[in-house]
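Undergrad: Have a look at this one.
We did not get these values from a lab; they are worked out from the coordinates using the rules stated. It should be emphasised that the depicted structure is a prediction, and the values quoted were computed from it without experimental measurement. A quick note on method: Cβ atoms are made from the backbone with ideal geometry, for glycine too, and the neighbour counts reach across all protein chains shown.
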Amino acid sequence: MAAPRGLRALRRLCGVALFVSQLYVLSGRESTEIPAYVTKCPSNGLCSRLPPDCMVCNTNYSCIYGKLATFDCRVKPHVHCVDQNNHEQENFTINMTCQFCWQLPTADYVCSNSTNCMTVSCPRQRYNATCTVRDHVHCLGNRVFPKMLYCNWTGGYKWSTALALSITLGGFGADRFYLGQWREGLGKLFSFGGLGIWTLIDVLLIGVGYVGPADGSLYI
């Protein structure tokens, strides 16, 4: 009876050892997962030319706004880069303009667009946009930030087409129909352009851009 009991205990011990080894392997796999930012980081390139997402830099509190300043940086885990002599390094310095990300020129970031605000209004409407700095641009602070922008989206309507329709077929409301203003278009159609008066007024209003598309977008 002692032999079978010992055999059962040995089997249990082997089962526990196998379970522990599997847990170790799984935990090792999770720890070696490659972060998403690595796809943006060129391998064995110059450290000073890495995108901002590939490095962590210390804040230089002595920098002067708008002036070039030196920042001490280090690469993030799983990122490999070299210096000018082709030697691998982790710590390096970069030169960049001392300014926060929200202070960058508009060409250095991309913002979300809104199609729910009126572009033709007085005063001009604004909307809350979420802006993201371009990958190659260095700046201080958060690289994703909110900003109030003027409504500037377009629905594909051409100002030249609207003006041409207003001059030639404005008496039949063709300009208003083109801009999506069906009620005004029907009013002009059945009143023969307001006996010509409405037609002349619309030519002037469309010409100066006061009358625009019904969806509130800008002309192309």
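Undergrad: Hey, can you grab everything whose amide H is under 5 Å from the amide H of THR154? Only 5+ residues off in sequence or another chain; H modelled, so Pro and N-termini drop out.
TA: Result for THR154 returns LEU218.
Undergrad: Give me, ordered by chain and number, the residues 5 or more places off GLY45 or on other chains with an amide H under 5 Å from its own placed amide H.
TA: Hits under the 5 Å cutoff: VAL82.
Undergrad: For the stretch 38-98, what is the convex hull (Cα atoms) projected area averaged across all directions, in square nanometres? Write out the running numbers ahead of the final one.
TA: Details: hull surface 16.3 nm².
Averaged projected hull area, Cα only: 4.1 nm².
Undergrad: Under the 0.36 nm per residue contour assumption, what length would be gained going from the current alpha-carbon distance of ARG126 and SER43 to full extension?
TA: Values: separation 83, 0.36 × 83 = 29.88 nm, distance 4.23 nm.
Result for the pair: 25.6 nm of gain on full extension.
Undergrad: Starting from the Cα gyration tensor of the stretch 62-220, multiply each eigenvalue by 5, take the square root, and state the resulting semi-axes largest first in whole Å.
TA: Details: eigenvalues 590, 41, 31 Å².
Computed over the stretch 62-220, the values are 54, 14, 12 Å.
Undergrad: Report the label-to-label distance for ARG74 and CYS111 in nanometres (one decimal), using points 7 Å from each Cα along the Cα→Cβ vector.
TA: 3.7
Undergrad: I'd like the distance separating the alpha-carbon centroids of the stretch 74-98 and the stretch 121-187, in whole Å.
TA: 44
Undergrad: OK, next. Ranked highest first by average number of other Cβ atoms within 10 Å, how do 56-66, 156-166, 100-110 line up?
TA: 156-166, 100-110, 56-66
Undergrad: Using a 7 Å offset from Cα along Cα-Cβ at THR154, what residues in the stretch 203-220 end up with backbone N under 14 Å from the label point?
TA: Zone members listed by number: 213, 217-220.
Undergrad: Separate question: Under the 0.36 nm per residue contour assumption, what length would be gained going from the current alpha-carbon distance of LEU204 and GLN89 to full extension?
TA: Working: separation 115, 0.36 × 115 = 41.40 nm, distance 6.66 nm.
Between LEU204 and GLN89, full extension yields an extra 34.7 nm.
Undergrad: Sticking with this structure for a sec: From the phi angles alone, apply the Karplus equation (6.51, -1.76, 1.60; θ = phi - 60°) to the stretch 128-145 and give each ³J(HN,Hα) in whole Hz, x where the residue is Gly or Pro.
TA: For the stretch 128-145, the Karplus-derived couplings read 7, 10, 10, 10, 10, 5, 5, 4, 8, 9, 9, 6, 9, x, 6, 7, 10, 8 Hz, x marking Gly and Pro.
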